[in-house]
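Presented below is the structure to which this report refers.
The values are calculated or read from the model by the stated rules, or taken from the named source; none is laboratory data. Quick caveat, the model's predicted, so the values are computed rather than measured. Virtual Cβ from ideal backbone geometry, glycine too; neighbours counted across all protein chains shown. Heavy atoms of the whole protein, side chains included, go into the accessibility calculation; ligands, DNA and RNA do not. Shrake-Rupley method; radii C 1.70, N 1.55, O 1.52, S 1.80 Å.
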Amino acid sequence: MVMRLVFIGVILLLVELYAFQAFRTITKERWILISYQLVSLAIFIYLIYSFAQFDRSVGQTKQTLFTMGVLLITLIPKLLIAIILLTEDIYRLFATAINYFTQADNIKEAIPERRKFVSQVALMVALIPFTSLLYGMTKGKYNFKVIRQTIFFPDLPDSFDGTTITQISDVHSGSFDNPEKISYAIDLINEQKSDIILFTGDIVNTHADEMHPWIDTFRKIETPALGKFSVLGNHDYGEYIEWPSQKAKDDNFKAIKDLHRQIDFKLLLNEHVKIRKGDDEIALVGVENWGVKFKQAGDLHKASEGLTNNDFKILMSHDPSHWDAEVKKYDKHFHLTLSGHTHGLQFGIEIPGVIKWSPIEYVYKQWAGLYEEMGKYIYVNRGFGFHAYPGRVGIWPEITVIELKKGEKVA
């Protein structure tokens, strides 16, 4: 552990030295260089102090969110500067060797000077993540987008042709800091006038009381004709902090489950309900959290007990890794699975029809949007709230509207 910390410390020191070299190459103004060093030192002291104050019995707070934001907004730009200047140094190393053996009388003459142009490029490149992360923390985290998706099913009951579903996921209410923006998002949900509203887990970061200031706001989500239903996510179990007792943890879990009642959602705990429309019905199945790398409380067998392959089934399961691991090969055919959990890492690039990328795709095969395999679909919501990093860059908070259509898939 000590060696790991020493290694990390050496890397961070090298990154800081390279970042300073970039500034020193561009300007010789003493007051600018001193100001840079003082700001960097102040940020370093703040980060050390904040991480030292982290309380495992409390978990994530708005303070820890801000600290993570400061860490990323300073470290990532400097890391890019270091990579660019390190690349230049590798070039300078080879140039030194060639100069020394071909034209220089001594090693000092052989070493090429650091080029101002390269440092300027490094600083301009570093500005991209700096401004992006800053925007993500100030504006991006509440840049709500309504994303519409139509899915065709040959065996969809006739009465449900054209039925619309609004899905939200990963509220993480303990991270919110702007009531006006959250009220705006609730208005957006209501404006969709969907037939049913589904919430796929993570109502809090850890503690039930994180949601208390927002209950009245979320209660304003209008109940549509087919109702409002929800499931639990991995954060709803209180697994990520140290509790004073098992009773305290159990009481918090009980209170979290009751939050769903308080905002007028029917919480499905490894169970299903039949949704009737006209002369037809479909099965809405809700499991507790089940993830390959997270808590596995979900029970497909219990949740779908009594259902047959003739039933049209929509499954709510928070973690999309459940789909590959169990759902799509389960003997009872689940037509559509709705998940969340990944947040799209809250960072990436999405241009419809051009590019869709986030580092989270190297961890989750299904991480944002619609996926299909052998006539079975999963939709992964990008998340309503935010966690860890207090912002969003490129992967915006999402309100999903899914329309169910009867018929064959349109190419």
Would you pick out the residues in the range 217-235 that are open to solvent by 30 Å² or more (accessible area, probe 1.4 Å) and within 15 Å of ILE203 (Cβ to Cβ)? ARG219
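Would you confirm whether or not the range 47-67 contains a residue that is assigned to a helix (DSSP H, G or I), under 29 Å from SER173 (Cβ atoms), among the basic types (Lys, Arg) and open to solvent by 90 Å² or more (accessible area, probe 1.4 Å)?
So in the range 47-67, the residues assigned to a helix (DSSP H, G or I) come out as 47-52, 62-67.
Filter once more, keeping what is under 29 Å from SER173 (Cβ atoms): 47, 49-52, 62-67.
Now restrict to residues that are among the basic types (Lys, Arg): 62.
When the remaining residues are screened for being open to solvent by 90 Å² or more (accessible area, probe 1.4 Å), the result is 62.
Looking through the range 47-67, at least one residue is assigned to a helix (DSSP H, G or I), under 29 Å from SER173 (Cβ atoms), among the basic types (Lys, Arg) and open to solvent by 90 Å² or more (accessible area, probe 1.4 Å).
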Scanning the range 119-168 for residues that are touching a strand residue (DSSP E or B) at 6+ places or on another chain (Cβ under 7 Å), hydrophobic (A, V, I, L, M, F, W, C) and assigned to a helix (DSSP H, G or I), the one nearest to HIS335 (Cα to Cα) turns out to be PHE160
Of all residues in the range 236-259, which are in contact (Cβ under 8 Å) with a residue 60 or more places away in the chain and either surrounded by 15 or more Cβ atoms within 10 Å (Cβ to Cβ) or of a type in the set (Ser, Thr, Tyr) (or both)? TYR237, TYR240, ILE241, TRP243
Over the range 346-371, the set of residues assigned to a strand (DSSP E or B) and loosely packed, with under 13 Cβ neighbours inside 10 Å is ILE349, ILE351, ILE355
Unique residue being open to solvent by less than 40 Å² (accessible area, probe 1.4 Å) and at positive phi when the list is HIS343, HIS318: HIS343
Number of positions in the range 312-338 that are in contact with a helix residue (DSSP H, G or I) (Cβ under 7 Å, 6 or more places away or on another chain) and of a type in the set (Gly, Ala, Ser): 1
The number of residues in the range 274-316 that are under 18 Å from ILE197 (Cα atoms), part of a loop (DSSP other than H, G, I, E, B) and touching a strand residue (DSSP E or B) at 6+ places or on another chain (Cβ under 6 Å) is 1
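If you take the residues of the range 1-31 that are among the charged types (D, E, K, R) and open to solvent by 90 Å² or more (accessible area, probe 1.4 Å), which of them is nearest to PRO112 (Cα to Cα)?
Initially, the range 1-31 is screened for residues among the charged types (D, E, K, R), giving 4, 16, 24, 28-30.
Keeping just the survivors that are open to solvent by 90 Å² or more (accessible area, probe 1.4 Å) gives 4, 24, 28-30.
Working: ARG4: 34, ARG24: 16, LYS28: 19, GLU29: 23, ARG30: 24 Å.
Checking each candidate, the answer is ARG24.
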Please count how many residues of the range 181-220 are of a type outside the set (S, T, N, Q), under 23 Å from the mean Cα position of the chain (by Cα) and in a loop (DSSP other than H, G, I, E, B). 5
Taking the criterion of being basic (Lys, Arg), touching a residue at least 40 places away in the same chain (Cβ under 8 Å) and under 18 Å from MET68 (Cβ atoms), would at least one residue in the range 376-397 satisfy it? yes
